[in-house]
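Report on the structure given below.
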Amino acid sequence: MPITLHCESCKKKIIAPDNAGGKWGKCPFCNHRCYIPMPETEEEEELKLSPIDESEEKQYNQMMKETFNITENLLHVTEEPAEATPGKTSETELMALVIKYLRLMADGSLDEANSIAGKIAAYKATARTILGNILKSKQPEPQLQDIPKKVLERYIRDMLARM
């Protein structure tokens, strides 16, 4: 029994021999390359499809939007340390800036890391002490533990060389 199909390009009806099923052929009308499906067998049962429930689809889309918004909010919750002005930044704020710089370097956000480095450079003496302490510590800060030790050391040495 021949295989009947429609060309994907010109939409004309094409009849192909049984042995052409599962192969590619050219449409005799427009020469478009068409896939010839396998012939239907009597053993295959028909796949029963049900219509899409519009209310479920709307609910799914709404939940996806909510998930996206929550994720966006969580990712942007981290607060920036106060703007660095000489003499007005505490050591803990400077430590937070140093950790942020190292984290950005490890994540490949070099432009952002460079701007943070400028803020850190305003506090050369304190920043050198903090960087030296991080370099000497056997256990890195929790935010930096996933960065390989050698890589972290290199970032710290680069920062020290900048100052």
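Give the peptides 130-138, 49-57, 101-109 in descending order of average Cβ contacts within 10 Å, highest first.
Values: 130-138: 13.3, 49-57: 7.7, 101-109: 17.7.
For the peptides 130-138, 49-57, 101-109, the packing ranking is 101-109, 130-138, 49-57.
Specify the angular offset, from 0 to 90 degrees and rounded to the nearest 10, of the alpha carbon long axis of helix 91-107 from the longest principal axis of the alpha carbons in the chain.
The angle comes out at about 30 degrees.
Among all cysteines in the chain, which have no other cysteine Cβ under 4.7 Å from their own Cβ?
That list is CYS34.
Along each of the three principal axes of the Cα atoms of region 91-162, give the extent in whole Å, ordering the values from largest to smallest.
27, 24, 21
Taking the beta-carbon count within 10 Å as an exposure proxy, list LYS124, LYS13 from fewest neighbours to most.
Numbers: LYS124 13, LYS13 9.
Ascending number of Cβ neighbours within 10 Å: LYS13, LYS124.
If you line up the long axis of helix 110-121 against the longest principal axis of the chain, both from Cα atoms, how many degrees apart are they, to the nearest 10?
Roughly 10 degrees, rounded to the nearest 10.
What order do you get for TYR35, TYR123 when you list them from fewest to most C-beta neighbours inside 10 Å? Spell out each step's value before the answer.
On the way: TYR35 11, TYR123 22.
In increasing order of surrounding Cβ atoms, one gets TYR35, TYR123.
In degrees between 0 and 90, to the nearest 10, how far off the longest principal axis of the chain does helix 124-136 point, with axes built from Cα atoms?
70
Values in this text are rule-based calculations from the coordinates and carry no lab data. Every value quoted in this text rests on a predicted model; they were computed, and no experiment measured them. Heads up, the Cβs are rebuilt from the backbone with ideal geometry, glycines too, and the neighbour counts pull from every protein chain shown.
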